[in-house]
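Okay, so here's the structure we're looking at.
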Amino acid sequence: MVRTRYAPSPTGFMHIGNLRTALYEYLIARKNKGVFILRIEDTDQSRYVESAEDAIYETLKLTGLTFDEGPGIGGDFGPYVQSQRKADYLPHAQSLVEKGKAYYCFCEKERLDGLADERGLKKYDRHCLGLDAPEIRQKLESGGAYVIRQLIPDGKTTFHDEVFGEITIDNQEMEDQILIKSDGMPTYNFANVVDDHAMKITHVVRGSEYLTSTPKYKLLYEALGWELPLYVHLPLLQNTEGRKISKRHGDASIPQLLEMGFLPEAIINYAALLGWSPTDNREVFTLAELENIFEPKNISKSPSTFDMKKLTWMNAEHIKALPPEVFAEMALPYLQASVAKPGTDYAYLAKLTQPRVSFAKDCGELVDFIDALPDYDIELYTHKKMKTNPEIAKQALEVALTALKPLADWTHDGLGAAITSAAESNGLSKGQVLWPIRTALSGKPTTPCGATEICEILGKDETLCRIEKGLKKL
Ligand code: GLU
């Protein structure tokens, strides 16, 4: 049974890299009909941020990454918050001490600081490894502070990573890392191993910054006699300036992206493509589609770039795909803020703007001309392809005015027929009349609909009045 987990440390808001990790864990579980778990890694209490923990639940919920076991919902391997599992870690560390794979260390901070300074050593010098059993017992009984350190053996350690392949590290490069801190809490690395084993995790997906600590994990698994999960380290994620994306550098968090108007579907879709691609070149997917096609073996090891422009494009694609009534509801406050004309059909305006915006909030400005004609430059009447310029526009608007004034059938079809026949009988093309009308009615270079639709929206009086205004300008 495939069991994956997203194991965030609640020290800040999730950014796109964190979401990518969670998503890939989720997808591996779903693709294999497995279980996706959320585990909160809060052993470093000094960096704990309560609002960050809440935001993790909220972000996973909004993006649809529902977990099967975790805080709040429980499961057979709970609790799923490490600070609530405190009692589980020490016995494992003690068993390692008994096996000679770990040892007590009583060194005080001053000594350790001194080590690094004077001798230029970064590594712990194994001062306490030399203590004999009675000495250790006496120190423990006297209640002095201690830590438990992993004893790194000689030799080399090799492990397999699903993305980066075989990785070998000389054990000399590893320090005898602390497993249990002097406050009795496990270190992050130790708790992570103990819990992945306890929760029967089969796949560990995480950022490539953890690649270098993985050999230490492997040694721990071996020392404890446990089976190693499959490691899937993800490529580095950078911004368009080539800097690593991180919470600390102020890159937009997921709550901020949502606040900016990005749809959860678009963010998820974009996160999926940061380091992974399907075998064809398709780019737009729903979460349900990703669940079927995601393959960890298609994850690339080269760095991927988070590009706001691409995400914006992706958002427009997902906006287009929304059911019209869903978009209408989303767009309503923005349309209402821009158009107050009595009798306005907002659902219709939403339908017109939906295929043309990257964000729901942008639809208001596409139709704000309905309430008030902006002051525009007569150069707007020039359009090469339509073969119009201010001079032709003047003639066209006169023709239009004459044709529309007596028109009773003020509908799309009625307007279309009247304009076409007026154009024809005056030696103008249809476009040569429609373009100037659209310009006179909207004062904008682009509109979400054509001239006849705008005539309908504005109504007869306002239409004729704006055409007259245009003529005056010309
Ligand atoms: N708690 C770690 C983090 O927030 C997760 C590391 C892991 O997944 O093993 O980055």
- Has segment 35-45 got at least one residue that is within 14 Å of the ligand (Cβ to nearest atom), modelled with pLDDT under 95 and under 23 Å from the mean Cα position of the chain (by Cα)? yes
- Note on the structure: Residue hits (segment 49-90; under 20 Å from the mean Cα position of the chain (by Cα), buried (at least 19 other Cβ atoms within 10 Å of the Cβ) and farther than 23 Å from L27 by Cβ) are A52
- Query: Which of the residues spanning segment 250-294 are of a type in the set (G, A, S) and closer than 22 Å to T240 by Cα?
  - Reply: G250, A252, S253, G261, A266, A271, A272, G275, S277
- Message: Against the conditions (1) assigned to a loop (DSSP other than H, G, I, E, B); (2) within 16 Å of the ligand (Cβ to nearest atom); (3) over 32 Å from the mean Cα position of the chain (by Cα), where does D176 fall short? Just the number, please.
- Response: (2)
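Can you tell me which residues in segment 278-292 are without any contact (Cβ under 8 Å) to a residue 40 or more places away in the chain and part of a helix (DSSP H, G or I)?
Residues of segment 278-292 without any contact (Cβ under 8 Å) to a residue 40 or more places away in the chain: 278-286, 288-289.
Within segment 278-292, A288, E289 meet the criteria.
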- Query: over 16 Å from D409 (Cα atoms), in contact (Cβ under 8 Å) with a residue 12 or more places away in the chain, crowded, with 17+ Cβ neighbours inside 10 Å and among the hydroxyl-bearing types (S, T, Y) - does that describe any residue in segment 453-469?
  - Reply: no
- Query: Going through segment 16-28 one residue at a time, which ones are away from the ligand (no atom under 11 Å from the Cβ) and either among the aliphatic types (A, V, I, L, M) or at pLDDT below 95 (or both)?
  - Reply: I16, L19, L23, L27, I28
- Considering only segment 228-244, how many residues are closer than 25 Å to V2 by Cβ and touching a residue at least 60 places away in the same chain (Cβ under 8 Å)? 8
- Item | Qualifying helices (runs of 4 or more DSSP H) (wholly inside segment 362-467; at least 1 residues being over 30 Å from L332 (Cα atoms) and at pLDDT 95 or above) | 390-404, 412-425, 430-442
- Query: If you scan segment 238-267, which residues turn out to be closer than 29 Å to H197 by Cα and touching a Leu at 6+ places or on another chain (Cβ under 6 Å)?
  - Reply: none
- Task: Name the single residue, out of those in segment 137-163 being assigned to a loop (DSSP other than H, G, I, E, B), of a type outside the set (A, V, I, L, M, F, W, C) and over 14 Å from I180 (Cα atoms), that is nearest to the chain's Cα centre (by Cα).
- Result: E162
- Message: Restricting to segment 1-15, count the residues that are within 11 Å of the ligand (Cβ to nearest atom), assigned to a loop (DSSP other than H, G, I, E, B) and over 18 Å from D54 (Cα atoms).
- Response: 0
- Message: Cβ-Cβ distance below 8 Å, separation of 6 or more or different chains: which pairs start in segment 5-19 with a residue that is under 17 Å from Y210 (Cβ atoms) and among the polar types (S, T, N, Q) and end on one that is modelled with pLDDT of 95 or more and within 7 Å of the ligand (Cβ to nearest atom)?
- Response: S9/E41; N18/P8
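Any residue that is part of a helix (DSSP H, G or I) and of a type in the set (G, A, S) - is there at least one of those in segment 293-300? Outline the logic, then answer.
Pass one, segment 293-300, residues part of a helix (DSSP H, G or I): 293, 296-298.
Still in the list and also of a type in the set (G, A, S): none.
Checked segment 293-300: no residue is part of a helix (DSSP H, G or I) and of a type in the set (G, A, S).
The values are calculated or read from the model by the stated rules, or taken from the named source; none is laboratory data. It should be emphasised that the depicted structure is a prediction, and the values quoted were computed from it without experimental measurement. Cβ atoms come from the backbone with ideal geometry, glycine included; neighbour counts cover every protein chain shown.
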